[in-house]
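Inspection log for the structure reproduced underneath, given as structure tokens.
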Amino acid sequence: MEVGGRKSDDANENASTEFVLNCQPCLKDGREISANGFCKICKEFMCDPCISAHKRFAMSRNHVILTKDKMPSFYMNKDKTDVLPTEPCHEHTSEMIKFYCPTHDDLGCSDCIVFHHRNCKVEYLSETAKQYKDSEEYKTLNEKIEHMETVLFALNNEVNDSEAFISENIQEEIQKLRTFRAQINLVLDTRENMLLKSIKENEIKQKEILSKLRDGIKGLKQTLAETTTGMQTTEKQLHQHFIHAKMAKKQLVMLQGEINKINAEIILDTSVRCTFLTDKQTEALINSSDFFGNVDFSNEGITSETDIDLSTVEWTKNAELDISCTEDKHGPDITSSALVEPGKCLLADYQNNCVKLVDINDNKVLSRSEVLGDPWQVCALISGHAAVALPNKSKVQFVSVKNDLVIAGTHFDVSGACYGLAYNDKSLWVSYKHNENSSASTCVERLSMTGEVLQSITKMALKISYITVSSSSIYASACPGRRIFQFDFNGSLLNTYNDPLLSLPSECINVGKERILVFARRPASVVLINEKERDLKVILSVNDLVPLYNPYNLSFCPVSRKLLVGLEVFSAVV
């Protein structure tokens, strides 16, 4: 039964009498109740009670409901959905979407075409939608939806794992605190309570963050479900399915941005480790001014900083890693390595388009994961997270290491062909060899964890292959050549180390106390730069590197005191 308002295309459009739009489910029961909303999936007008009921049922709770001010002003003819437009225009809500503009990849009604696409060659949906399901774009869209579902599932698991880690970590540290507390006088009760309060407050704060992240993921999952439902329920209605697919394409761009933000929040905010630190003076004298200890909340990842005097260390070769995997199509081409856990390094295999987790104590590959492009430098973040530069894609991609598995995660675009990559104080430092989309003189940028440019160093047009960051400086390897540049965090050039010992410098790492290790590839050697004394010294000559490949990587584990150069592992003899 059709009642007034503006009618469908085959009705009398010249009728002047206006009618009230009634709730269609209620009309079937013989009741005339004014409609206050419109379901885009069911194509029905509904009153408030029917809308509430609609949202309760599992099969319809994800349907999109238009409010009264946005709903169409006429009834739909469901029997003709294959030939009539059925989606109201977002800009002109009283009109229906009938056209598609290939030039702007945009949908619109008759008014949209007149106002925005007057000079474009537009197409009727009834013709365009017929071929769309067989197009490559539609195939790619479905693949992206499937990938998005996988990413959201992984992010949700990450939040759950982080919450479990926080709870276990809190319980372990509280137990350590109470064990230490039992060894001293009961006078320390007040201080104990203060520390417990600090821990609990941080636990609440972190779980609040996780709860918000979970709500955000739930919202994104719901948005994705709505998008998927819209496509599934209109699969046999070609032009309507085309509309939903086009809407889904734009929606995925928004979802990817939100996912990047959530991933950055997880890395920065949910990996804070609570550690109870005993005060050594308290163990001998409980009346000291800083008695009992402190609670440390640190979110720094594992580093290569060491107290060993590397200038006097002797090195013995342990083993040579075999990192070949059945999935590899080429021999190894290791461009970078980063320490992600004590004794475990993440390797960037440029030729095989992947990153590999290796155990330098057991000399074996633990896991492998392909990334979006050819990886160059990889840097450790915090709590088993890492990031890798993809110069051929102009992207930075995150990876996670858990239970000896490496998993490729989200990514964001950068200004150009990024090679060097380092992490410091919740920021990423990225260097460029070929920066096509920004100034030719830009060599280094500081980025937020979502890819926003926070700072640019543009004083020199350098081709920087690798960078590392100390507590006060940025060190950059310029290759080809034999130079290491030192910048302060404002971009001012502090020093240039230009020495034959640094011939073809590749990966450089910070080992603390203003000391930097550099892998010079001609001849193969590890050079120690002492910034305080502006002194360079070769601490290891590597004469027997595997000749079948040309390694660039360098890593140092301060716990096991092992050095990884290429695929050769050396132990320090102190």
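Computed from the coordinates by the stated procedures, all read-outs in this text should not be read as laboratory data. This is a predicted model, so every value here is computed, not measured. Cβ: placed from backbone, ideal geometry, glycine included. Neighbour counts: every protein chain shown.
Here Arg61, Arg214, Arg118 are placed in order of increasing Cβ neighbour count within 10 Å, fewest first, which gives Arg118, Arg61, Arg214.
Using C-alpha pairs under 8 Å with a sequence gap of at least 6, the mean separation divided by the residue count of segment 24-129 gives a relative contact order of 17 percent. Considering helices alone, the calculated mean residue ellipticity of the chain at 222 nm is -9500 deg cm²/dmol, with DSSP H runs of length four and up weighted by -39500 (n - 2.57) and normalised per residue.
To the nearest ten degrees, helix 189-233 and the longest principal axis of the Cα atoms of the chain are 40 degrees apart. A cut-off under 14 angstrom between Cβ atoms defines the neighbours of Ile529, and their net charge, with Lys, Arg +1 and Asp, Glu -1, is +1.
Run the paramagnetic zone check for Asn550: 7 angstrom along Cα to Cβ, then residues of segment 472-510 with backbone nitrogen under 16 Å. Label zone hits: 478-482, 503-507. Could you work out the relative contact order of the chain? I mean the mean sequence separation of Cα pairs under 8 Å and 6+ apart, divided by the number of residues, in percent. Relative contact order, the chain: 8 percent. Counting every other Cβ atom within 10 Å of each residue's Cβ, Tyr124, Tyr432, Tyr75 order from fewest to most as Tyr124, Tyr75, Tyr432. Rounded to the nearest 10 degrees, what's the angle between the helix 238-269 long axis and the longest principal axis of the chain, both from Cα atoms, 0 to 90? Once rounded, the angle reads 30 degrees. The dipole here belongs to the chain: it is taken about the Cα centre, uses +1 on the Cβ of Lys and Arg and -1 on the Cβ of Asp and Glu, and is about 320 debye. Applying 0.36 nm per residue to the separation of Leu366 and Thr140 and subtracting their alpha-carbon distance, the gain on full extension is 78.1 nm. Positive contributions from Lys and Arg (+1) and negative ones from Asp and Glu (-1), summed over other residues with Cβ under 15 Å from the Cβ of Glu136, come out at +1. A simple count of charges around Glu314, restricted to other residues whose Cβ falls under 14 Å of its Cβ and scoring Lys, Arg +1 and Asp, Glu -1, yields +3. Remark: His147, His239, His63 ranked as His147, His63, His239, counting other beta-carbon atoms within 10 Å and listing the fewest first. Helix 136-181 axis versus longest C-alpha principal axis of the chain: approximately 50°, rounded to the nearest ten.
Under 1.5 on a/c is rounded, so check that first for the chain, then, if it is not, pick prolate when a/b is larger than b/c and oblate when it is not; a ≥ b ≥ c are the square roots of the alpha carbon gyration tensor eigenvalues. Since a/c reaches 1.5 and a/b is larger than b/c, the shape of the chain is classed as prolate.
Extension gain, Gln183-Arg118: 0.36 nm per intervening residue step, less the Cα-Cα distance, totals 15.0 nm.
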